[in-house]
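Below: one structure, written as structure tokens.
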Amino acid sequence: MISEDKKKVIDIFAQGRKKYKLADFKGARKLFADALKVDSEDGPSQVYYARCKHYIDNPPPEDWDGVFVMTSK
């Protein structure tokens, strides 16, 4: 069974992903931060939080298709 906290994280993460796909990186980052307040070890929220920070600092091209391209290992 999934805990109530995990359900909350999943819901917040889903909202964050929607904003991320719309290139609303500041809004998405806030939601991923909210998910991490509930579960600081949530891997997907950690990854997308970092990606949002990257895109806030380095905006993607206008024709961005939502794919994150890794530039280092």
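No value in this document is a laboratory result; all are computed from the given coordinates. Everything numeric in this text was worked out from a predicted model, so none of it was measured. Virtual Cβ from ideal backbone geometry, glycine too; neighbours counted across all protein chains shown.
The distance between label points at VAL69 and ALA50 comes to 2.0 nm (points 7 Å beyond Cα on the Cα→Cβ vector). Each peptide in 35-48, 54-67 gets a packing score, the mean of other Cβ atoms within 10 Å over its residues, and the list from highest to lowest is 35-48, 54-67.
Given +1 on the Cβ of Lys and Arg, -1 on the Cβ of Asp and Glu, and no further charges, what dipole in debye does the chain carry about its Cα centre, rounded to the nearest 20?
Values: 14 positive and 12 negative charges, 15 e Å.
Roughly 80 debye, rounded to the nearest 20.
Length gained on full extension, GLU4 to LEU22: 3.7 nm, using 0.36 nm per residue less the C-alpha separation.
Sequence-ordered 3J(HN,Hα) estimates for segment 24-37 from the Karplus curve with 6.51, -1.76 and 1.60 and θ = phi - 60° stand at 8, 5, 5, x, 5, 4, 4, 5, 5, 5, 4, 4, 6, 5 Hz, glycine and proline given as x. Structural descriptor for segment 4-57: relative contact order 36 percent, calculated from alpha carbon pairs under 8 angstrom and at least 6 residues apart.
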